[in-house]
Amino acid sequence: MAGEPPLREPADLANHVLLHDDAMDLVAHGDAWQKWLEAAGVADRVDGSRGPRFSTNMLSLEAASQKLGVALALRPLVDADIASGS
């Protein structure tokens, strides 16, 4: 999408909407985005609490596919999308 901020490194997530879902939080045993941002070393630069929350990962992935934000996902759920370039 034209004018969209780049997303080349984890710190760039500060300029994007983070899409949350309850299923990923269950898998992560806590706040999935916060844990991911801490592991990536950018939790001090990216607010992991902001962004809409969805009840299932399929809803957050659909929102991501509609370019409404960035979602975390388990690889098997997105392998086909990655392979097709979508």
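All distinct Cα pairs of segment 42-86 go into the 1/r average, and the inverse of that average, the Kirkwood radius, is 11.8 Å. Using C-alpha pairs under 8 Å with a sequence gap of at least 6, the mean separation divided by the residue count of the chain gives a relative contact order of 34 percent.
Using 0.36 nm per residue and subtracting the Cα-Cα separation, the extra length available between residue 83 and residue 44 on full extension is 10.8 nm. The accessible surface of the chain, taken with every protein chain in place and a 1.4 Å probe, is 56 percent carbon and sulfur.
What value, in deg cm²/dmol to 500, does the helix sum -39500 (n - 2.57) over DSSP H runs of n ≥ 4 give at 222 nm once divided by the residues of the chain? Spell out each step's value before the answer.
Details: 4 runs with 35 residues, N = 86.
Helix contribution divided over all residues of the chain: -11500 deg cm²/dmol.
On a per residue basis, the chain carries 63 Å² of accessible surface, using protein heavy atoms and a 1.4 Å probe. The modelled label-to-label distance between residue 22 and residue 4, using points 7 Å beyond Cα along the C-beta direction, is 2.8 nm. Which whole-number percent of Cα pairs in the chain have a distance greater than 19 Å? Percent of Cα pairs beyond 19 Å in the chain: 38.
The values are calculated or read from the model by the stated rules, or taken from the named source; none is laboratory data. Keep in mind that what you see is a predicted model, and the values were worked out from it rather than measured. Note that each Cβ is placed from the backbone with ideal geometry, even for glycine, and that neighbours are counted across all protein chains shown. In case anyone asks, the SASA skips ligands and DNA or RNA and just uses the protein heavy atoms, side chains included. Shrake-Rupley method; radii C 1.70, N 1.55, O 1.52, S 1.80 Å.
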